[in-house]
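The values are calculated or read from the model by the stated rules, or taken from the named source; none is laboratory data. For clarity, every value in this text was computed on a predicted model and none was experimentally measured. Using ideal geometry, Cβ is built from the backbone for each residue, glycine included, and neighbour counts are taken over all protein chains shown.
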Amino acid sequence: MGSFNVIKAALPLMKGRKDKGPASIALMSSMAGQVGTYGFAAYSATKFGLRGLAEALQQEVLENNIHLSLIFPPVTETPGFEQVH
């Protein structure tokens, strides 16, 4: 919901901008947003949800010259990742 709420707050300002040059929104997903992974059902579902949000929203805001990027980074070795594995 964090990404959705930020977009919900920023989008009216982006649509109403005086300079109608291109604007962009970048969403950070995960490789789990492309392939479901055993043991990560809830996590994968949220990342697949970002993909759906990006695909649908891109169609809605293209007329306002707003473009969406969806980023799928690979596994990153972090302290949280180390605890799971």
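Checked against the criterion of being part of a helix (DSSP H, G or I) and on the phi < 0 side of the Ramachandran plot, the candidates Gly49, Gly36 yield just one match: Gly49.
Of all residues in region 36-77, those being in contact (Cβ under 8 Å) with a residue 40 or more places away in the chain, closer than 18 Å to Lys15 by Cα and within 11 Å of the chain's Cα centre (by Cα) number 4.
Within region 1-49, being under 15 Å from Ile71 (Cα atoms), hydrophobic (A, V, I, L, M, F, W, C) and touching a helix residue (DSSP H, G or I) at 6+ places or on another chain (Cβ under 6 Å) holds for Leu27, Ala32, Phe48.
If only residues of region 1-27 that are surrounded by 12 or more Cβ atoms within 10 Å (Cβ to Cβ) and among the charged types (D, E, K, R) are counted, the one that is nearest to Glu77 (Cα to Cα) is Lys15.
Scanning region 52-85 for residues that are in contact with a strand residue (DSSP E or B) (Cβ under 8 Å, 6 or more places away or on another chain) and modelled with pLDDT under 95 returns a single hit, Pro73.
Against the numbered list (1) touching a strand residue (DSSP E or B) at 6+ places or on another chain (Cβ under 7 Å); (2) modelled with pLDDT under 95, Met14 comes up short only at (2).
Please verify whether region 28-48 includes one or more residues that are modelled with pLDDT of 95 or more, surrounded by 15 or more Cβ atoms within 10 Å (Cβ to Cβ) and of a type in the set (A, V, I, L, M). The answer is no, given that none of the residues of region 28-48 is modelled with pLDDT of 95 or more, surrounded by 15 or more Cβ atoms within 10 Å (Cβ to Cβ) and of a type in the set (A, V, I, L, M).
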